[in-house]
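Following: one structure in structure tokens, then a few remarks.
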Amino acid sequence: MAICFLVLELVFFSTDSVGVPAHAYVSGDVGGTPYMSVWFMVAFLLPAALIMPLLGSLKERVGAKAIATLGPGLFGVACLISASATDPQLFITMRVLQGLGAGVIPAAAGGYLGGQLGEKNAPMGKGLVALALVSGSSLGIPLSAFVTWYASWRVLYAGLGLAALAAVAVIARLMPATPGNPQAEIDWLGYGLMSGGFGLLALSLVVGNQREWFASPTYVVLLWSALLLLGLFAWRVAAVPKLINLRIFQDVNYCISVVNLSSVMFFLFMVFAIVPRFLVVVTENTIENYAWTFIPFVATTMATGLMVTPGVSPHLIAATIPAKKKLCAMAIFCFACTALWMANTSAQQDNSTLSLQLMAVGVCFALINCLEIQMSFSTMAAELMTSASSVLFFCTNIFKALSGGVTAAIITATSQGSWERFREQINAGNPALDAFQSSLSGHPMGSGGDGWSQGSLELMNKAISQQVEVVSFINIATMVGLALLVLAGLPMLHRSGSSQTRPGSAP
């Protein structure tokens, strides 16, 4: 049954990493616009993140087996229906249902693997939670690209749905019944304030990016509503702390990991957002080509994750918390250096260099996630694992959604300024245009000539768009590198097992 939970986690994180190129195909097939591909991702990410803080309370009321089967079951059914969608409204609706169902998976898997495998296998189970995250997140990028290119995005969603339903069927058959407590209270008001605040904040980034920010009344209303709801949520948590089991925050290492992972993942996923776009727009790769570029990244990520997973690696690296925190700090520093290396690019960037950079990113990505998640759960009580998993993955996923909005805003701001700057160079005095202008001699209407046509203007605009994309890539990669240099010291705040406060003990 542990294998089935691992399958569900792999399916969740693979779905989570399906990017813009695959959704561009979806948008074309279901009659949507290019802008809709952004909403296809947001419609999954937000519900998946926002459902997570509720899962600890739901587990107490309905039992672990109910959430381990109903949530992933909803995800599987929604995937199958979305695979047959022919209009964008149905597809977005199914993406929302996928998110609601899929958000249950990390908490259910973390609760079982981290708390139900027995004391002897608990370290391995907690390590497998992290291994599934890095494996699924990395594998999902080329997997979605290959399936979309050689078959169809419909096959991709149908396959993910069938894999989830198969795992759910086995779990439903083998998992012992775990009755809940129907009298357990759920703070629906607190949950509504939380989901409304974080949800509207993430949506405001997308709306603002598409509608010129404060020039749009819709963006202003969304932003102020989000801030108001988040303020009320903070008051609600302080006054009536029912939504989240606060015992999980008595574990010092867990608190440090939540801060570390949320901060680092915000910047890390900025890189994941810009690389596929760079490969398609600037280096003119097809989805198939850029999928092959990501294969070395997947290999290094999974190999590194295996080496630091207890019970899986025969020669475990960083077995103790002091060793883990040093290696994790080194990984963040190396990731920062790699981001700055990636910022040293141009429109002539070749795939082989980018593959080397992605391999370095893969090693760092695996070490940061595996080691931080292991440290966050290292002393967590078994009965608190579902709550701990749901809160941890909520934080990382909501920051991932916010990261996407911020990245899009930076790209838009950079693009607007860069287009104006590059287009200024298209004037009669620019010697680079002599070859085009000479062919216009003797053509007063300016519409003929062997070397100049409407196609020439398209080529110029294409070259400008590539340069704009390069500038955006450099800006984001530089910002990520500098920010991670500052964050590299965060893992050193972790404490050894003997000196930290354990859940259930006096703080």
task = Select from region 202-223 the residues that are out of contact with any Ser or Thr (no Cβ under 9 Å at 6 or more places or on another chain) and either among the acidic types (Asp, Glu) or under 17 Å from GLY192 (Cα atoms) (or both) and list them in ascending order.
result = ALA202, LEU203, GLU212
note = From the option list LEU227, LEU223, single residue qualifying as open to solvent by 50 Å² or more (accessible area, probe 1.4 Å), within 18 Å of LEU201 (Cβ to Cβ) and among the hydrophobic types (A, V, I, L, M, F, W, C) is LEU227
note = Only one of VAL168, VAL237, VAL220 is free of Cβ contacts under 8 Å to residues at least 24 places away in the same chain and part of a helix (DSSP H, G or I), namely VAL220
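Within region 388-402, is even one residue farther than 19 Å from ILE256 by Cα, under 16 Å from the mean Cα position of the chain (by Cα) and either modelled with pLDDT under 80 or part of a helix (DSSP H, G or I) (or both)?
yes
Sort out which residues of region 314-338 are assigned to a loop (DSSP other than H, G, I, E, B) and more than 24 Å from ARG495 (Cβ to Cβ), and write them in order of number.
Passing the criteria: PRO314, HIS315.
Taking region 138-157, which residues are closer than 23 Å to LEU268 by Cβ and in contact with a Phe, Trp or Tyr (Cβ under 7 Å, 6 or more places away or on another chain)?
Applying the first criterion (closer than 23 Å to LEU268 by Cβ) to region 138-157 yields 138-145.
Within region 138-157, SER138, GLY140, ILE141, PRO142, ALA145 meet the criteria.
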key: Filter result for PHE365 (aromatic (Phe, Trp, Tyr) and more than 20 Å from the chain's Cα centre (by Cα))   = no
ask   = Hey, any hits in region 177-191 for a residue that's touching a residue at least 60 places away in the same chain (Cβ under 8 Å), assigned to a helix (DSSP H, G or I) and crowded, with 18+ Cβ neighbours inside 10 Å?
value = yes
key: Of residues in region 75-92 being at pLDDT 90 or above and either open to solvent by 50 Å² or more (accessible area, probe 1.4 Å) or not in a helix (DSSP H, G or I) (or both), the one nearest to LYS242 (Cα to Cα)   = VAL77
message = Taking the conditions exactly as written (closer than 19 Å to GLU469 by Cα and either over 21 Å from the mean Cα position of the chain (by Cα) or of a type outside the set (Ser, Thr, Tyr) (or both)), does ALA347 satisfy them or not?
response = yes
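Just need a number here: residues in region 203-217 that are in a helix (DSSP H, G or I) and either open to solvent by 60 Å² or more (accessible area, probe 1.4 Å) or out of contact with any Phe, Trp or Tyr (no Cβ under 8 Å at 6 or more places or on another chain) (or both).
Qualifying residue count for the region: 8.
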Search result, residues across region 132-164 that are surrounded by fewer than 17 Cβ atoms within 10 Å (Cβ to Cβ) and either closer than 19 Å to ALA78 by Cα or modelled with pLDDT of 85 or more (or both) = SER152, VAL155, LEU162
key: Filter result (touching a residue at least 60 places away in the same chain (Cβ under 8 Å) and either open to solvent by less than 10 Å² (accessible area, probe 1.4 Å) or in contact with a Pro (Cβ under 6 Å, 6 or more places away or on another chain) (or both)) within region 351-368   = LEU354, SER355, LEU358, MET359, VAL361, GLY362, PHE365, ALA366, ILE368
Residues (farther than 18 Å from TRP149 by Cα and open to solvent by 10 Å² or more (accessible area, probe 1.4 Å)) located in region 286-297 = PRO296
key: Within region 334-350, considering residues that are surrounded by 17 or more Cβ atoms within 10 Å (Cβ to Cβ) and of a type in the set (A, V, I, L, M, F, W, C), the one farthest from LEU371 (Cα to Cα)   = ALA343
key: Residue among THR301, THR320, THR283 that is surrounded by fewer than 20 Cβ atoms within 10 Å (Cβ to Cβ), at pLDDT 80 or above and among the hydroxyl-bearing types (Ser, Thr, Tyr)   = THR320
remark   = Residue count, region 51-74, condition open to solvent by 20 Å² or more (accessible area, probe 1.4 Å), among the hydrophobic types (A, V, I, L, M, F, W, C) and assigned to a helix (DSSP H, G or I), comes to 6
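The values are calculated or read from the model by the stated rules, or taken from the named source; none is laboratory data. Given the structure is predicted, the values throughout are model-derived calculations rather than measurements. Neighbour counts are summed over all protein chains in view; Cβ atoms, including those assigned to glycine, are modelled from backbone coordinates with ideal geometry. SASA here: full protein model, heavy atoms, side chains in, ligands and nucleic acids out. Shrake-Rupley method; radii C 1.70, N 1.55, O 1.52, S 1.80 Å.
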